[in-house]
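Trainee: If you scroll down you'll find the structure; I have some questions about it.
The values are calculated or read from the model by the stated rules, or taken from the named source; none is laboratory data. Treat the numbers as computed from the prediction; the structure is a model and nothing was measured. Glycine gets a Cβ as well: all are built from the backbone with ideal geometry, and neighbour counts include every protein chain shown.
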Amino acid sequence: MKIREAPGAKVEMVVRKPVAEVFGACVNNAITTKFLFTKSSAKLKLRKRAASTLEMYNASGGVYVESNDKNRRVMAGLPYHGTRSQVEDGVALVGIANSGFKGR
């Protein structure tokens, strides 16, 4: 079977909290280490890199913030195995998408 486009994965969840609170949680490493990363070196800031770790998958890398529209959306890249991730926050709907997976 020939793959015609790179596989990807996307998850979304509705968070029943004010958008400002949800956005703050997505960029604050003291909070993201409670639900996403097991370790993180700093808050996510525009054009800055923060070291993040997912210990359960033995994965770590620098999260680089590409754009940050306060209380609307933050887009960050994760360099795990050539994939990119986007984190979006709008109307308390949080989504994470990974794409660009390469086969063996």
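Trainee: Could you give every pair whose Cβ atoms fall below 7 Å, whose first residue belongs to segment 46-68 and is farther than 17 Å from PHE35 by Cα and in contact (Cβ under 8 Å) with a residue 40 or more places away in the chain, and whose second residue is among the β-branched types (Val, Ile, Thr) and surrounded by 14 or more Cβ atoms within 10 Å (Cβ to Cβ), counting only separations of at least 6 or pairs across chains?
Mentor: ASN68/VAL74
Trainee: Give me the residue from segment 33-63 that is in contact with a Leu (Cβ under 8 Å, 6 or more places away or on another chain) and hydroxyl-bearing (Ser, Thr, Tyr) and, out of that set, farthest from ALA97 (Cα to Cα).
Mentor: Once the filter is applied, the top-ranked residue is THR38.
Trainee: Let me ask you something else. Can you pull out the strands (runs of 3 or more DSSP E) entirely within segment 44-104 that have at least 2 residues that are under 20 Å from GLU21 (Cβ atoms) and at pLDDT 75 or above?
Mentor: Values: elements: 49-54, 59-69, 73-77, 84-90, 93-99.
It comes to 59-69, 73-77, 93-99.
Trainee: While we're on this one: Starting from segment 14-36, take each residue that is under 21 Å from LEU54 (Cβ atoms) and list its partners that are polar (S, T, N, Q) and in a helix (DSSP H, G or I), counting only C-beta distances under 8 angstrom and pairs at least six apart or across chains.
Mentor: ALA25/THR32; CYS26/THR32
Trainee: Could you grab me the full set of residues in segment 1-37 that are of a type in the set (Phe, Trp, Tyr) and not in a loop (DSSP other than H, G, I, E, B)?
Mentor: Just the residues of segment 1-37 that are of a type in the set (Phe, Trp, Tyr), to begin with: 23, 35, 37.
Correct list: PHE23, PHE35.
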